[in-house]
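Comments concern the structure below.
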Amino acid sequence: MPYVLKKRNIARIERERLLIGDRRAYPFERTFVACDSSADAVAAIKGMVTQGGGPLQVSLTAMEWLACRMERGDIPCSVAPFAVAFGQLKSSRPTNTTMARTLDGLLGDIRLLFAAHPDAAHRRGTADAIRQAVHDRETSFNAVYERMGRSGASLIADGERILTTCFAEHSFLLSLLFARDEGRMASVMVSETRPYFQGARLTAPSLKELGFDVTLICDGMGARFIEDGTVGRYMTAADLVCADGTVVNKTGTLANAVCARTFGIPYHAFSMAPDLSRRTRKDIVMEERDGADVCLAFGHPTTESDIFGRYPAFDIVPPAFVTSIITAEGVFEPEQIGAHEFHRPGDRIVEET
């Protein structure tokens, strides 16, 4: 994986503090934001220090960090600090439910550990068990990414150019790598992704680092390159997939998905775990962020100070505009999602023999 997706560069524990890789500064700087509390981590997530799959790794590392602090005696030896952190972290990303569902399972395990050993005499053993529970989930997600990557690779044809939006992270990059290993080389067209430029700052440099031919375009240019045949496939992450096959992803995804359907190219979305508790778009909690961000680019004003901006963080893509959804358990058409019993995020998936 490229620099920005290495675990230690997303989040790590160092000198009794939680460090979060600052994706706002990458690739121009490789810096970290230091956190002294779970509230600091939440503020970093809300402030877009990390995004996409980043908050998931941050939340897992935060739980490991709390276990270390508990072992040292810095916080009470009880489930309470973990439950408080869970509530804070869950609120930081209301649209993408993967982190909340993962932490829900982890917190259940932590409750059982404290129920079995309720006194501080077992402080170290409980801390070790929490760290192991975190490690188990990280290992599970690594397996999920690999399976999604292999499924994604099976869809990629040799020599085609793929359009992507924002930063689809491990799954998309692994798809390209596996396809290349199998002798099929694709190039990628990346939209810049305003207002934080994740496409320009994260996706494009990561693709270049891995040796892929990458072209950067403005957000409004995707339709042009779909219509004229420059790109033959559209692939993105999905922050959320509902039971009816509705896909939620970064603003800009809907326009490209509509164009892909109109001009006859497939659109595939990667989802590590569709959320079947969200039946339709009516069940989605949509984030709208500070509109002032739209009036800036890299901190510099792009218009007059009294101009009003709007920043809906995500698009809702109806199932009709989605060709397939790539999961750890296979590739599904949108209408097949609700009929499948998907594993909960972080659960271990046993390979079939």
Within the set of pairs 6+ apart or on separate chains, which have a first residue in the stretch 319-335 that is over 10 Å from residue 269 (Cα atoms) and in contact (Cβ under 8 Å) with a residue 24 or more places away in the chain, a second that is assigned to a loop (DSSP other than H, G, I, E, B) and among the polar types (S, T, N, Q), and C-beta atoms under 6 Å apart?
-> 319/246
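For residue 236, indicate whether it is more than 15 Å from the chain's Cα centre (by Cα) and hydroxyl-bearing (Ser, Thr, Tyr).
Numbers: more than 15 Å from the chain's Cα centre (by Cα): no; hydroxyl-bearing (Ser, Thr, Tyr): yes.
No.
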When restricted to 64, 71, the only residue within 19 Å of residue 112 (Cβ to Cβ) and in contact with a strand residue (DSSP E or B) (Cβ under 8 Å, 6 or more places away or on another chain) is 64
Assuming residue 206 fulfils every condition listed in (1) free of Cβ contacts under 8 Å to residues at least 24 places away in the same chain; (2) closer than 22 Å to residue 156 by Cα apart from one, which condition is it?
-> (1)
For the stretch 26-61 the number of residues that are within 27 Å of residue 114 (Cβ to Cβ) and touching a Phe, Trp or Tyr at 6+ places or on another chain (Cβ under 9 Å) is 7
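In the list 122, 135, 170, which residue meets the criterion of being within 22 Å of residue 205 (Cα to Cα) and not aliphatic (A, V, I, L, M)?
Details: 122 fails: within 22 Å of residue 205 (Cα to Cα); 135 fails: within 22 Å of residue 205 (Cα to Cα).
170 is the lone residue from the list that is within 22 Å of residue 205 (Cα to Cα) and not aliphatic (A, V, I, L, M).
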Answer yes or no as to whether residue 64 is among the charged types (D, E, K, R) and more than 24 Å from residue 171 (Cβ to Cβ).
-> no
Index of the failed condition, residue 336 passing every other in (1) in a helix (DSSP H, G or I); (2) in contact with a helix residue (DSSP H, G or I) (Cβ under 9 Å, 6 or more places away or on another chain); (3) not acidic (Asp, Glu) | (2)
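Considering only residues of the stretch 301-318 that are assigned to a loop (DSSP other than H, G, I, E, B) and in contact (Cβ under 8 Å) with a residue 40 or more places away in the chain, which is farthest from residue 263 (Cα to Cα)?
Here is the first cut: in the stretch 301-318, the ones assigned to a loop (DSSP other than H, G, I, E, B) are 302-310, 313, 318.
Remaining after also requiring in contact (Cβ under 8 Å) with a residue 40 or more places away in the chain: 313, 318.
Values: 313: 26, 318: 17 Å.
Only one residue fits best here, namely 313.
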Which residues, counting only those in the stretch 194-223, are touching a strand residue (DSSP E or B) at 6+ places or on another chain (Cβ under 8 Å), among the hydroxyl-bearing types (Ser, Thr, Tyr) and either crowded, with 22+ Cβ neighbours inside 10 Å or at positive phi (or both)?
-> 203
Residue among 171, 191, 175 that alone is of a type in the set (Gly, Ala, Ser), crowded, with 18+ Cβ neighbours inside 10 Å, within 25 Å of residue 299 (Cβ to Cβ) and in contact with a helix residue (DSSP H, G or I) (Cβ under 6 Å, 6 or more places away or on another chain) | 191
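Yes/no per residue for (1) exposed (fewer than 15 other Cβ atoms within 10 Å of the Cβ); (2) of a type in the set (Ser, Thr, Tyr); (3) touching a helix residue (DSSP H, G or I) at 6+ places or on another chain (Cβ under 8 Å):
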| position | (1), (2), (3) |
| --- | --- |
| 2 | no, no, yes |
| 8 | yes, no, no |
| 33 | no, no, yes |
| 43 | no, no, no |
Count, please, the residues in the stretch 89-127 that happen to be farther than 30 Å from residue 280 by Cβ and touching a residue at least 60 places away in the same chain (Cβ under 8 Å).
-> 1
What are the residues in the stretch 327-346 that are over 24 Å from residue 174 (Cα atoms) and surrounded by 15 or more Cβ atoms within 10 Å (Cβ to Cβ), if any?
-> 338
Is there any pair with a first residue in the stretch 42-53 that is within 11 Å of residue 92 (Cα to Cα) and in the same structural domain as residue 21 (by TED's automatic domain parsing) and a second that is of a type in the set (Gly, Ala, Ser) and surrounded by fewer than 22 Cβ atoms within 10 Å (Cβ to Cβ) whose Cβ atoms are under 8 Å apart and which are 6 or more apart or on different chains, and what are they?
-> 42/91; 42/92; 45/92; 46/92
Going through the stretch 82-125 in order, the residues found to be of a type in the set (Gly, Ala, Ser) and either within 22 Å of residue 271 (Cβ to Cβ) or surrounded by fewer than 22 Cβ atoms within 10 Å (Cβ to Cβ) (or both) are 83, 87, 91, 92, 100, 105, 108, 115, 116, 120, 121, 125
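The values are calculated or read from the model by the stated rules, or taken from the named source; none is laboratory data. The structure displayed is predicted, hence computed values, not measured ones. Cβ atoms come from the backbone with ideal geometry, glycine included; neighbour counts cover every protein chain shown.
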